[in-house]
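Have a look at the structure below, then the notes.
The values are calculated or read from the model by the stated rules, or taken from the named source; none is laboratory data. All values reported here derive from a predicted model rather than from experimental measurement. Positions of Cβ are backbone-derived with ideal geometry, glycine not excepted, and every protein chain shown enters the neighbour counts. We work out accessible area using only protein heavy atoms, side chains counted, and drop any ligands, DNA or RNA first. Shrake-Rupley method; radii C 1.70, N 1.55, O 1.52, S 1.80 Å.
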Amino acid sequence: MMSKNGGGFAMPVTEMSNDVTECIDVASPQDIVEMLSICDNEMLNGWKDFKSLASPDLHDNILKVSDAVSDVLKHKKGTVILSGCGTSGRIAFLLSRKFNELLGELGLEPCFDYLIAGGDKALFTSQEAPEDDPVSGKKALQKALDGKDCAILIGITCGLSAAFIAGQLDYCMENLDVLTPVLLGFNPILNSKDVEIENWDKTFLQVAEKLQKFEKKGKSFIINPILGPEAITGSSRMKGGSATKFILELVFTKAVQNLVSTPSSRRQLNIACLHEMQTTISKATYEIKRNIASLVQIAGNSLNSDGHVYYIGAGLSGILGLIDASECPPTYSSEFDDIRGFLVDGYNSFKNKEGNMSNKGEAYSISLDHFIHKIQPSLSTNDTVIFILHSKYLKEFHRIYEQLKGVCSASAILVEGPFEDTQSKKYVTQFFPCALIVNVPWHQILSLFDGDKNEQKEDKILNAALYGGVELAIKFILNAVSTGAHVLKGKVYKHYMVDMKLNNSKLFNRGINIVQRLGGCSKKVATDAILKSIYQTDHLPEGIHEEKISQHILQANGGTKLVPLALVLAIKNCTVQEAKTALNSSKQIRTAINQTYAAD
């Protein structure tokens, strides 16, 4: 365990390994789900001595940010910009879409906007390199501010490391008359990335420390609860993504409520109650661990048989399927179609800035029609289809489900909403016999809020918050399915995502750290092993250590099993070809590496 150092750690918490999951790569599906539930509980209820998401101090900070968001939304030319890279950018998109829709339902002008490093292509595929560019972050923000005279930027970076976000926050602090910066991340400030950013004159730590000074003057905000290490080391799509959604749902729910003057607003949704609602739904989700584990096993069987896992959904829950699928290739170096999502009404429902992107390639074809006409005819018994059920589309989903019987494995997920027609659940149990159903205690949850059920049902803001809990439950389940399936395929070693792509400086440095830790070697040996793996050479050319990281990343683009290869090189001190032979001897990375140790 790393020791505390003046409020920080010797290593960022988001890069630490979680003791709970040290043996996840050799665990059963039931044990995998149990481990994931413990890790998510750390996020919700606190890790070690750090304040949990239920902390009154955190809730007070959330209320302050909510008030600032409300003030911006009152301006005719005001905008709330959510910005992030990878998972953070995808959650930014999801929430901006959701709360714009809510504002529209309330008769208000949609004012939320999102930025994601790499543009809308990054909503579906890995565009990691732009994360390292503060200048492109600044330019993207400037473009989003065109025609606006008041804005709040919420820069999301789980590890407090993304240069794309640093550039935006720095620009905000130079223009505080128009912009209010908010930093959201999950490391102590002292653990912000403190290394030189290429083609820039600041580090992330310097930006964060400057932001702290403005926070004391009431001109900026920092939200950084400590969630504990991820279940798969560094995989911030898990706790990091969930906590981002959890926290910003609270911020925006309160902010929007501050804008309206209806009977529902007089009730004033309490942050503590909203928090309890989220945690109650989370607990209900993991009460069906055995069922989730069965789904993990089915998905794992498909990936191990060179099959595929397909999510089919609608609305926000369907978008969560697209997000979960998009995160697998950079995390596990999997193919884009190993796990893939499809959405009813496609881009008409997705509502991204750049619109229909299906002409950019197969990875961007997301409509249910595309699945029916292009994917369904080629399905086999090695494939799995998981329906993320939506009451509006139950009959349409059932029709497809019936067509898949005997063709492939087919299952379904239902997290019922608070005001669903009771007939919907009966329909599900009758026509989706393999459905995984989360039984949420809605009567218990609704009792947290004032008013009778009919009044609550008409309260659009409360309803959006309640469905936010449904979405979080779906995220937990999908994360478990995709993580567990890749674990069963042997894509991790212990709790390290060793088979990952080295697409940006964060991942490049993470690869070195993994080789150093698992190989029991010095940082120099680990760095040389990574470089030999990237350049496929036994003898590194003179001066290669002086090259910029961006050059190594460019060379690594498209490479496979780079970190596992480097790990074998570090352990055996062998040639690249000998290391490849050792890896190719087994599908399971742990087995290959254990054989390497045994050979010594």
message: Suppose the filter is buried (at least 17 other Cβ atoms within 10 Å of the Cβ) and out of contact with any strand residue (DSSP E or B) (no Cβ under 6 Å at 6 or more places or on another chain); does Val33 pass it?
response: yes
- prompt: Can you find even one residue in the range 217-233 that is assigned to a helix (DSSP H, G or I) and surrounded by 21 or more Cβ atoms within 10 Å (Cβ to Cβ)?
  reply: no
message: Anything in the range 10-30 that is polar (S, T, N, Q) and either over 16 Å from Thr157 (Cα atoms) or open to solvent by 40 Å² or more (accessible area, probe 1.4 Å) (or both)? List them, or say none.
response: Ser17, Asn18, Thr21, Ser28, Gln30
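Would it be correct to say that Gly341 is closer than 25 Å to Val470 by Cα and either open to solvent by 10 Å² or more (accessible area, probe 1.4 Å) or assigned to a helix (DSSP H, G or I) (or both)? Break it down stepwise before answering.
Working: closer than 25 Å to Val470 by Cα: yes; either open to solvent by 10 Å² or more (accessible area, probe 1.4 Å) or assigned to a helix (DSSP H, G or I) (or both): no.
For Gly341, the condition - closer than 25 Å to Val470 by Cα and either open to solvent by 10 Å² or more (accessible area, probe 1.4 Å) or assigned to a helix (DSSP H, G or I) (or both) - is not met.
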query: Looking at the range 197-217, is at least one residue within 29 Å of Lys475 (Cα to Cα), of a type outside the set (Lys, Arg) and in contact with a strand residue (DSSP E or B) (Cβ under 6 Å, 6 or more places away or on another chain)?
result: no
- prompt: Out of His398, His390, which single residue is free of Cβ contacts under 8 Å to residues at least 40 places away in the same chain, on the phi < 0 side of the Ramachandran plot and not aromatic (Phe, Trp, Tyr)?
  reply: His398
message: I'm trying to understand the selection: among the residues of the range 103-144, which are in contact (Cβ under 8 Å) with a residue 40 or more places away in the chain, open to solvent by less than 10 Å² (accessible area, probe 1.4 Å) and aliphatic (A, V, I, L, M)?
response: Leu103, Ala117, Leu123, Leu141
query: Restricting the first residue to the range 1-22 and requiring it to be outside any loop (DSSP other than H, G, I, E, B), which pairs with a second residue that is open to solvent by 80 Å² or more (accessible area, probe 1.4 Å) and at pLDDT 90 or above meet a Cβ separation below 7 Å and a spacing of at least six or different chains?
result: Gly8/Leu190
- line: Residue set Ser305, Ser365, Ser326, Ser282; condition at pLDDT 95 or above and closer than 26 Å to Gly469 by Cβ; output residue Ser326
- prompt: Taking into account only those residues within the range 177-196 that are open to solvent by less than 20 Å² (accessible area, probe 1.4 Å) and in a loop (DSSP other than H, G, I, E, B), which is farthest from Met43 (Cα to Cα)?
  reply: Ser192
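Residues that are over 24 Å from the mean Cα position of the chain (by Cα) and not basic (Lys, Arg): does the range 160-170 have at least one? Don't jump to the end; show me each part of the working.
Kept after step one, since they are over 24 Å from the mean Cα position of the chain (by Cα), are these residues of the range 160-170: 170.
Going one step further and asking which of them are not basic (Lys, Arg), we end up with 170.
Checked against the condition, which is being over 24 Å from the mean Cα position of the chain (by Cα) and not basic (Lys, Arg), the range 160-170 yields at least one hit.
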query: Can you name the condition, by its number, that Pro188 falls short on among (1) in contact with a strand residue (DSSP E or B) (Cβ under 7 Å, 6 or more places away or on another chain); (2) at pLDDT 95 or above; (3) not hydrophobic (A, V, I, L, M, F, W, C)?
result: (2)
statement: Those residues of the range 36-75 which are under 22 Å from Leu95 (Cβ atoms), assigned to a loop (DSSP other than H, G, I, E, B) and either open to solvent by 20 Å² or more (accessible area, probe 1.4 Å) or touching a helix residue (DSSP H, G or I) at 6+ places or on another chain (Cβ under 7 Å) (or both) amount to Ser52, Leu53, Ala54, Lys74, His75
field: Thr79 being closer than 25 Å to Ala140 by Cβ, in contact with an Asp or Glu (Cβ under 6 Å, 6 or more places away or on another chain) and of a type in the set (S, T, N, Q)
entry: yes
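Please determine, by comparing only the residues of the range 425-463 that are of a type outside the set (A, V, I, L, M) and under 26 Å from the mean Cα position of the chain (by Cα), which one is farthest from Ile386 (Cα to Cα). Step through it out loud before you land on a result.
Looking only at the range 425-463, we keep the residues that are of a type outside the set (A, V, I, L, M), and these are 425-427, 429-434, 439, 441-444, 447, 449-460, 463.
Narrowing the set further to residues that are under 26 Å from the mean Cα position of the chain (by Cα) leaves 439, 463.
Values: Asn439: 18, Asn463: 26 Å.
Here the answer is Asn463.
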message: Which pairs turn up if I take residues in the range 416-441 that are at positive phi and look for partners that are exposed (fewer than 15 other Cβ atoms within 10 Å of the Cβ) and polar (S, T, N, Q) with beta carbon separation below 8 Å, at least 6 apart in sequence or on another chain?
response: none
- prompt: Of all residues in the range 107-149, which are more than 25 Å from Gly355 (Cβ to Cβ) and modelled with pLDDT under 95?
  reply: Gly107, Asp132, Asp149
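Just checking, how many residues over the range 76-88 are assigned to a helix (DSSP H, G or I) and either hydrophobic (A, V, I, L, M, F, W, C) or in contact with a Leu (Cβ under 9 Å, 6 or more places away or on another chain) (or both)?
The total comes to 1.
Would you tally the residues in the range 88-102 being within 17 Å of the chain's Cα centre (by Cα) and open to solvent by 20 Å² or more (accessible area, probe 1.4 Å)?
Result for the range 88-102: 1.
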- prompt: Here are Ala299, Ala325: which of them is small (Gly, Ala, Ser), within 14 Å of Val487 (Cα to Cα), open to solvent by less than 30 Å² (accessible area, probe 1.4 Å) and part of a helix (DSSP H, G or I)?
  reply: Ala299
task: Filter the range 561-581 down to residues that are over 17 Å from Thr527 (Cβ atoms) and outside any helix (DSSP H, G or I) and give me whichever is modelled with the highest pLDDT.
output: Thr575
- line: All-but-one check, Leu320 against (1) open to solvent by less than 20 Å² (accessible area, probe 1.4 Å); (2) of a type outside the set (Phe, Trp, Tyr); (3) in contact with a Phe, Trp or Tyr (Cβ under 9 Å, 6 or more places away or on another chain); (4) farther than 27 Å from Ser367 by Cα, failing number (4)
field: Flag if Leu82 is touching a residue at least 60 places away in the same chain (Cβ under 8 Å), on the phi > 0 side of the Ramachandran plot and open to solvent by less than 20 Å² (accessible area, probe 1.4 Å)
entry: no
